[in-house]
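> What follows is a structure written as structure tokens; I'll ask about it next.
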Amino acid sequence: MSTLAYTVRDSATMLRREFRHALRSPMFSVTTVALPVFYLLLFVGVFGNSLRAGLGTATPAGGHYIDYLVPGIIVMTACASAEMTAVSVSTDMTEGIIARFRTMAIARTSVLTGQVLGGVIRALASGVLLIAMAVGLGFRPTATPAEWVAAAGVFAMITFALAWLTVAFGLLAKTPAGANSLSLIVIVLPFVSSAFVPTASMPAGVRWFAEHQPFTPVIETLRGLLLGTPIGSNGVSAVAWCAGIALVGYLWARSLFHRERTR
């Protein structure tokens, strides 16, 4: 059996381990869904009318604030899943199970790959549930089947990228609480993006940051695919950001993992 085949086999084993942990600790999965749903209900039910009045022509064709909001909440679903990945990796580190895995005849990267794949699948499932709830609240996407597939691809890319980044957070942190604190970076950044209001409505300094951070092009690409708003160069920027974050996260996580192994 080739090295690649061993890696795939061992990664599948680690993925099954993640599923079993999810069944034994369902609060992880519930939290991944609950946080974005909370934001959806909060911004639609509490702030929706006020924020809708300030959108002007930025609102998609349907004219409802929920249509503008949902793409940003979808991205926040990926962020919530990534936070759980960081905590899960840190928990494994502090409990010593990863040290035990290092003594076994398995592909080293499979230990981390299983966490990443579990996080991506968890986020995709949560995204489907979120969209179903949003449709029940009045979300009316205009996407064609091809655009739905493209939107799922963009969502998978940002989820995969954030998963590798937060795996590194989990390896870096000394405790699960520390991993959770580090992951607040990816939870907070969407708030300073076009998720809730257009960047044009922000003060100059905040607007510059919002337009040049990773989440805004991803959100605008999803908004364009699902609702027909202009995408422009956001599609290319979204792919570039996702690829860059994934590469940095992977290299950082691998470096931290090997550093721990040599101690």
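> Each label point is 7 Å from the Cα along the Cα-to-Cβ direction; what then is the distance between the points at Ala177 and Glu95, in nm?
1.9
> Which order do you get for Val154, Val248 if you rank them by accessible area with a 1.4 Å probe, largest at the top?
Solvent-accessible surface, decreasing: Val248, Val154.
> On average, how much accessible surface per residue is there in the stretch 128-219, in Å², for a 1.4 Å probe, leaving out ligands, DNA and RNA?
44
> A follow-up question, please. What's the ranking of 182-192, 161-171 by average number of surrounding C-beta atoms within 10 Å, highest first?
Result, highest mean first: 161-171, 182-192.
> Taking Rh as the Kirkwood radius computed over C-alpha pairs, what is the Stokes-Einstein D of the stretch 146-218 at 20 °C in a medium of viscosity 1.002 mPa s, expressed in µm² per second?
155
> Then there's this: So what does Phe38 come to for accessible area, using a 1.4 Å probe and Å² rounded to 10?
Answer for Phe38: close to 110 Å² accessible.
> As a test of reading the structure, rank His212, His258 by solvent-accessible area (1.4 Å probe, protein chains only), most first.
My answer, sorted largest first, is His212, His258.
> Another question about this same structure. What relative contact order, as a whole-number percentage, does the stretch 109-263 give when Cα pairs under 8 Å and 6 or more residues apart are counted?
32
> Something else about it: With a 1.4 Å probe and all protein chains kept in place, how much accessible area does Arg207 have, in Å² rounded to the nearest 10?
Number for this one is 100 Å².
> Same structure, new question: Give me the extension gain from Ala200 to Val149: residue separation times 0.36 nm, minus the current Cα-Cα distance, reported in nm with one decimal.
15.4 nm
> When averaged across all projection directions, what area in nm² does the alpha-carbon convex hull of the stretch 90-221 cover?
10.6
> So, in nm, how far is label His258 from label Leu41 when the simple model puts each one 7 Å beyond its Cα toward the Cβ?
Taking the two extended label points, one gets 4.7 nm.
> Could you tell me what percent of the accessible area of the stretch 174-231 is made up of carbon and sulfur, with a 1.4 Å probe and every protein chain present?
Carbon and sulfur together cover 74 percent of it.
> Under the 0.36 nm per residue contour assumption, what length would be gained going from the current alpha-carbon distance of Ala34 and Ser233 to full extension?
68.4 nm
> Would you kindly calculate the translational diffusion coefficient of the stretch 159-263, applying Stokes-Einstein with the Kirkwood radius from alpha carbon pairs, for 20 °C and a viscosity of 1.002 mPa s, and quote it in µm² s⁻¹ without decimals?
For these conditions, the coefficient is 142 µm²/s.
The values are calculated or read from the model by the stated rules, or taken from the named source; none is laboratory data. Every value quoted in this text rests on a predicted model; they were computed, and no experiment measured them. All Cβ positions, even for glycine, are placed from backbone atoms using ideal geometry, and neighbour counts span all protein chains on display. Keep in mind that these areas ignore ligands, DNA and RNA; they rest on the heavy atoms of the full protein, side chains included. Shrake-Rupley method; radii C 1.70, N 1.55, O 1.52, S 1.80 Å.
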